[in-house]
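Peer 1: Okay, here's the structure, questions in a sec.
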Amino acid sequence: MLKEIEKPRQVQGEPRRRWFEDSESDLIVWIDNGEVIAGFQFCYGKGEVERALTWKRGVGFVHECIDDGEGRPFHHKSTPILSVDGNFDAATVSNDFKKRSIEIDPNITLFVLNRLADYGEECPTKNAGHL
């Protein structure tokens, strides 16, 4: 189950972050000055092929695969990076998120689930790349 990190790192110039994690996923939610959700990133598949779905107001969705920087023979571990990944099963991810989010702020859960339901109505490929 997702649990909130009490004092997540805040990035100057970005909206305030709330961060939730469990052994298989992370949810970062950006809250603007009006206490409205400005965006979120749901990272899932930790320990396997980790992926990240990011939604930002005014931008839309980006779905990415996380390259952990491992597996490069004769090289040191590289910094993990995000690369565009078009393979996204919204229904499966939504069901997984619903199970994991039962103990977090219900307003955040509802917001994320509603955005996941909207995923098919938007064209994520037009927003491909980094935000």
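The values are calculated or read from the model by the stated rules, or taken from the named source; none is laboratory data. Just so we're clear, the structure is a prediction, and the values are computed from it rather than from any experiment. Neighbour counts are summed over all protein chains in view; Cβ atoms, including those assigned to glycine, are modelled from backbone coordinates with ideal geometry.
Condition check ((1) under 13 Å from the mean Cα position of the chain (by Cα); (2) closer than 20 Å to Ser94 by Cβ; (3) modelled with pLDDT under 95) across all residues:
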{"position": "Pro15", "(1), (2), (3)": "no, no, no"}
{"position": "Glu21", "(1), (2), (3)": "yes, yes, no"}
{"position": "Ser25", "(1), (2), (3)": "yes, yes, no"}
{"position": "Val36", "(1), (2), (3)": "no, no, no"}
{"position": "Phe42", "(1), (2), (3)": "yes, yes, no"}
{"position": "Gly47", "(1), (2), (3)": "no, no, yes"}
{"position": "Arg51", "(1), (2), (3)": "yes, yes, yes"}
{"position": "Gly69", "(1), (2), (3)": "no, no, yes"}
{"position": "Phe74", "(1), (2), (3)": "no, no, yes"}
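Listed here are the residues, each with its yes/no results for (1) modelled with pLDDT under 70; (2) crowded, with 16+ Cβ neighbours inside 10 Å; (3) among the basic types (Lys, Arg).
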{"site": "Pro80", "(1), (2), (3)": "yes, no, no"}
{"site": "Asn95", "(1), (2), (3)": "no, no, no"}
{"site": "Lys99", "(1), (2), (3)": "no, no, yes"}
{"site": "Glu103", "(1), (2), (3)": "no, no, no"}
{"site": "Asn107", "(1), (2), (3)": "no, no, no"}
{"site": "Thr125", "(1), (2), (3)": "yes, no, no"}
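Peer 1: Give the residue that is nearest to the chain's Cα centre (by Cα), with candidates limited to residues of region 88-118 that are outside any helix (DSSP H, G or I) and hydrophobic (A, V, I, L, M, F, W, C).
Peer 2: It comes out as Phe88.
Peer 1: OK, next. Kindly list, by first and then second residue, each pair from a residue in region 95-115 that is β-branched (Val, Ile, Thr) to a residue that is part of a loop (DSSP other than H, G, I, E, B) and at pLDDT 95 or above, limited to pairs with Cβ atoms under 7 Å and residues at least 6 apart or on different chains.
Peer 2: Correct list of pairs: Ile102/Met1; Ile104/Leu2; Thr109/Ser101.
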